[in-house]
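Here is the structure we will look at.
Values quoted throughout were computed directly from the atomic coordinates according to the rules given, and no laboratory measurement underlies them. Worth saying up front: this structure is predicted, and the values here are computed from it rather than measured. Cβ sites come from the backbone with ideal geometry, for glycine too, and all protein chains shown count toward neighbours.
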Amino acid sequence: MKSSKIFIYTDGGSRGNPGPAGIGVIILDSDKKKLKEIYKYIGETTNNIAEYSALLCGLEEALSLKRTKLFCIWTVS
């Protein structure tokens with residue numbers, strides 16, 4: 001039986017505040033095997049919006065993977 005535990009690593013940032021922004025998300029299983037890697041440009045926005053957008057993207061992906069135990073590692077700088 002596969003473990004339901006996953007780890008979600010997220011980050012977001014912008015060049016300027018506001019400025020061109022992007023997000024990154026990596027989802028790992030309990031054995032640290034990569035399940036999903038997402039990175040994308042999200043338009044012109046602030047650093048804070050980019051950070052929150054990355055977190056939301058990671059949580060939405062966790063739902064699509066039907067996993068029940070989440071450990072989010074959210075980087076804020």
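For the chain, the number of Lys pairs with C-alpha atoms closer than 20 Å, counting only pairs eight or more positions apart or on separate chains, is 20. Ordering Ser14, Cys57, Ile26 by Cα displacement along the dipole of the chain toward the positive end leaves Ile26 in first place; charges were set at the Cβ atoms of Lys, Arg (+1) and Asp, Glu (-1). Of the listed values [x] 1.14; [y] 1.26; [z] 1.04, identify the label whose number matches Cα Rg over 2.2 N^0.38 Å calculated from this model. Read-out taken from this structure: [x]. The antiparallel fraction among DSSP beta bridges confined to region 5-74 stands at about 75%. 3J(HN,Hα) along region 31-42: 8, 6, 7, 5, 9, 7, 9, 10, 8, 7, 7, 10 Hz, from the Karplus curve 6.51 cos²θ - 1.76 cosθ + 1.60 with θ = phi - 60°, whole Hz, x for Gly and Pro. Scanning residues 5 or more positions from Lys36 or on other chains, those with amide H under 5 Å from its amide H are Ile27, with H placed 1.01 Å from N in the peptide plane.
Taking the helices alone, the chain has a mean residue ellipticity at 222 nm of -8000 deg cm²/dmol, built from -39,500 (n - 2.57) per DSSP H run of at least 4 residues and averaged over all its residues.
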